[in-house]
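Working notes, structure below.
Readers should treat all values here as calculations from the given coordinates under stated rules, not as data from a laboratory. Just so it is clear, the model here is predicted, and its values are computed rather than measured. A quick note on method: Cβ atoms are made from the backbone with ideal geometry, for glycine too, and the neighbour counts reach across all protein chains shown.
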Amino acid sequence: MSAYFVDKAGCTKSTIFPGVEILTAAGKEMMLSEVEFQPGAIVEAHSHPHEQVGMVLAGRAKFIVGDEERVLGPGDMYVIPGNVTHRVVALDETVKALDIFHPVREDYL
């Protein structure tokens, strides 16, 4: 096992909402999460103390962050400060996104 390179086979994989799976790798201070949403899958409204930044890699999804709503597609990025309520709805195709959390989300390990 390398201290510097991540083997996806050793990552934690979780279903966080129906149709939404994440694969995570963490360092001491931050976490990287690859997220896959099935068409129509919903990340229900929630908040957490962790700062979250991310990018949509494939597909399109409606993001509701605080009081703003926007449909994002490949290459679009987002910033979700800690404790801000947010929700995501995948549209009519599979969506892939990359999230970075600080600090590490222990509940995803």
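The mean sequence separation of alpha-carbon pairs under 8 Å and at least six residues apart, normalised by the residue count of the chain, gives a relative contact order of 33 percent.
For SER14 and ARG70, the FRET efficiency from 1/(1 + (r/R0)^6), where r spans their Cβ atoms and R0 equals 22 Å, is about 0.25.
For region 1-98, the convex hull drawn through the C-alpha positions has a volume of 98 cubic angstrom per residue.
Distant-in-sequence amide contacts of GLU93, defined by a placed amide H-H separation under 5 Å and a gap of 5 or more residues or a different chain, comprise GLY40, ARG60. Remark: the LEU23-ASP7 segment gains 4.6 nm on full extension, using 0.36 nm per residue and subtracting the alpha carbon distance. In a DSSP loop and with at most 10 other Cβ atoms within 10 Å, the chymotrypsin sites (Phe, Trp or Tyr not before Pro) in region 1-63 are TYR4, PHE5.
Phi-derived couplings, Karplus 6.51 cos²θ - 1.76 cosθ + 1.60 at θ = phi - 60°, listed residue by residue for region 83-93: 6, 9, 5, 8, 8, 9, 10, 5, 7, 8, 8 Hz, with x used for Gly and Pro. Out of ALA61, ALA25, MET1, whose Cα points farthest toward the positive end of the dipole of the chain (charges: +1 Lys, Arg; -1 Asp, Glu; placed on Cβ)? Highest projection toward the positive end goes to MET1. In order along region 22-34, the phi-based Karplus estimate (6.51 cos²θ - 1.76 cosθ + 1.60, θ = phi - 60°) of 3J(HN,Hα) comes to 10, 10, 10, 9, 10, x, 6, 10, 9, 10, 10, 9, 9 Hz; Gly and Pro are listed as x. Can you list the residues, at least 5 places off or on another chain, whose amide H is less than 5 Å from the amide H of ASP76, using H built in the peptide plane? Those lying under 5 Å, H to H, from ASP76 are VAL56.
In this Cβ point-charge picture (+1 for Lys and Arg, -1 for Asp and Glu), the chain has a dipole of about 140 debye about its Cα centre.
Note on the chain: GNM, Cα springs under 10 Å; of ARG70, ARG87, ARG60, the largest mean-square fluctuation is that of ARG70.
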